[in-house]
Structures are given as C-alpha cells and as structure tokens.
Amino acid sequence: MTPAALRGFCLGFNAAVEEFPFTPELSAFKVLGKLFALSVLDVRPLKVSLKCEPEEAVRLRERYPAVVPGRHLNKRHWNTVTAGGPDGLPERLVRELVEDSYDLVVAGLPRAERLRLDRA
C-alpha cells in the first residue's frame with residue numbers, strides 16, 4: 001500500500017478528515033472529531049495505527065509479525081500495522097483493518113451523530 005492509497009482510502013469514508021494536531025508529519029484521520037487512524041505517511045516502511053477490539057488486537061498481534069501494540073496509544077485498543085515493504089501486511093488486509101477501525105469509532109459515536117452520518 002502506498003501513502004497516497006492509504007490517505008485516499010481513509011478520506012473515502014463518510015465525514016472523514018485529515019488533521020495534524022500533533023506534528024506536521026503525523027496524519028490523524030478522524031470522523032466527527034474522533035480518531036480512527038494515525039500515520040506518518042512519508043516514512044518507510046509505511047505504518048498506520050488503528051483502533052481495534054481488544055480480543056481482535058491480541059489475535060492479530062499473535063498471527064502477524066507486522067502488527068504490534070499501538071505506539072503511544074492505549075495498547076489494549078490500538079495496533080500499529082506495517083502496511084508497506086516486504087514484511088508488511090497485504091493491502092487487502094490493511095484496508096479491512098482501516099475499515100474496521102472506522103466502523104468501531106462510528107459505533108461509539110452518539111446515536112444522533114451516527115444517524116447524521118447515515119444521511120450524508
């Protein structure tokens with residue numbers, strides 16, 4: 001997965017935006033102000049931190065060496081995934097994990113905001 005493909009995929013979700021609240025290099029992808037992906041897009045190999053159900057987070061870490069606990073994040077709920085390079089996850093799986101992260105964040109939004117997203 002290329003940085004441009006990751007950015008485009010993240011921004012393709014309903015109401016998703018890219019912000020830089022931490023450093024100018026760290027892309028924070030959010031939905032209605034809630035973070036669902038973090039990545040420094042110009043670092044190789046490409047890595048992205050994603051929200052995950054705690055049990056699934058552990059399962060992914062056990063199965064794939066390219067999945068580790070989220071750096072500087074709640075390690076129970078966040079994984080950092082290597083998405084590029086020879087040791088990275090296949091693009092299809094990275095896309096699934098990004099989508100799962102977005103869906104998990106949306107599911108935690110107040111009902112009124114979820115309904116607003118459904119209408120957009």
What residues have an amide H closer than 5 Å to that of residue 40, excluding those fewer than 5 places away on the same chain, when H is modeled at 1.01 Å from N in the peptide plane?
-> 27, 47
With no solvent term and unit scatterers on the alpha-carbon positions of the stretch 10-120, Debye gives log₁₀ I(q)/I(0) at q = 0.17, 0.18 Å⁻¹ of -0.79, -0.88
Expressed in angstrom and rounded, the centroid-to-centroid distance over alpha carbons for the stretch 37-59 and the stretch 93-120 is 17
Taking only Cα atoms, what is the 0 to 90° angle, nearest 10, from helix 54-63's long axis to the longest principal axis of the chain?
-> 20
Of the chain, which part is the longest with no trypsin sites (Lys or Arg not before Pro) in a loop (DSSP not H, G, I, E, B) and with at most 13 other C-beta atoms within 10 angstrom?
-> 1-70
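Since every read-out is calculated from the coordinates, none of them should be taken as a lab result. This is a predicted model, so every value here is computed, not measured. Cβ: placed from backbone, ideal geometry, glycine included. Neighbour counts: every protein chain shown.
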